[in-house]
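Written out below as structure tokens is the structure these notes cover.
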Amino acid sequence: MRLGVLDIGSNTVHLLVADVRPGGRPLATTSRRTVLRLMRYLAPDGSISDEGVAALVAAVSEARAVAASEKVTELLATATSAVREATNGAEVIARIEAALGQPLQVLGGETEARFTFLAVRRWFGWAAGQILLFDIGGGSLELAAGADELPEAAASVPLGAGRMTVQFLPHDPPGEADVERLREHARATLAPVVDTFAAQPRPDHVVGSSKAIRSLAKLVGYPVPGWSGIERMLLPRAALGSWIPRLARIPAEARQELPGITADRTFQIVAAAVVLHTAMTAMDVDELEVSPWALREGVLLRYIESLSWNAPGA
């Protein structure tokens, strides 16, 4: 059957369409992304402005039309931190559901981490052993750790790249003082989470997922051979740290000329780099591997598991 996952995040509305069958690997057919950067539309009271809601509804309506044209059997629509935490979230959710013509699943932070962890576990396999996961979105940073398909520890903290850009890096390019303020805030926010994860066994693999981390890996990382000829990317903490001052000196418009930095990430890539570097330092991680699978694939995999072994109608 053909499934669609609509991920309504803090930075983008992203539709992934894939052909799936029980026991099989999802085969992506279409990926359509609309850049919103919802953090720009947050009012002082924490609500999403009318302009932001209108942009969100338009993006969702377009995604619904694409899903229909792709003959999607089932559309799995999820929303993460920006919608979840908005003070007018209930109203925004109602508008989205009206545009979709179906219910919206609003994921809590830890649930988001668990879905992403499932995708990463399936990608790396059981032989990967103990995994520690970092996933940076626009509104939050998710962490998870464990040796099974569901993590033993999972946490979500409000350190997303978009949120931190708005709160701490309002200037373009940002000054050194602003970058340091963000670093100190990230360190303090992560402190209780670090204590929780310290009780977990030492990871065999440290993994990063999300578009921001993939972008940073293309900028500062390096490829190594993977399974079945698939190239893997590694992201060293030292290289990331050395790039942060340079990234911060480059205006946002010029950053997209750098390897891996796409137009939709150029405004918030500095905040993503600072948060990731701070988290890796706090968790004593020297290097991480990049997973091509993340939240959307986790939602797909969980849904496939819920199907009977016979396709519907068989």
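Hull volume per residue, based on the alpha-carbon atoms of the chain and their convex hull, is 132 Å³.
Take residue 281: with every protein chain present and a 1.4 Å probe, its accessible area is about 70 Å².
The spread of Cα positions in the stretch 86-190, taken along each principal axis and listed from longest to shortest, comes to 44, 40, 20 Å.
Report the far tail of the P(r) of the stretch 145-184, meaning the percent of Cα-Cα pairs longer than 15 Å. Considering the stretch 145-184, 52 percent of its Cα-Cα pairs are separated by more than 15 Å. Take residue 284: with every protein chain present and a 1.4 Å probe, its accessible area is about 90 Å². Residues 303, 222 ordered from highest to lowest accessible area at a 1.4 Å probe: 222, 303. If you run the Gaussian network model on the chain, springs between alpha carbon atoms under 10 Å, then out of 257, 142, 287 the most flexible one is 257. Rolling a 1.4 Å probe over the heavy atoms of the protein chains gives the chain an accessible area of 43 Å² per residue.
Pairs of C-alpha atoms in the stretch 141-241 farther apart than 20 Å represent 54 percent of all such pairs. Per-residue SASA remark: residue 280, around 0 Å² accessible (1.4 Å probe; ligands, DNA and RNA not included).
Once you reduce the stretch 102-117 and the stretch 233-267 to the center of their Cα atoms, the two points are 28 Å from each other.
Considering only the Cα atoms of the stretch 148-306, their convex hull presents on average a projected area of 10.3 nm².
The values are calculated or read from the model by the stated rules, or taken from the named source; none is laboratory data. All figures in this text were calculated on a predicted structure; none of them were measured in a lab. Ligands, DNA and RNA are stripped out before the accessible areas are found, and what is left, the full protein with its side chains, is counted by its heavy atoms. Shrake-Rupley method; radii C 1.70, N 1.55, O 1.52, S 1.80 Å.
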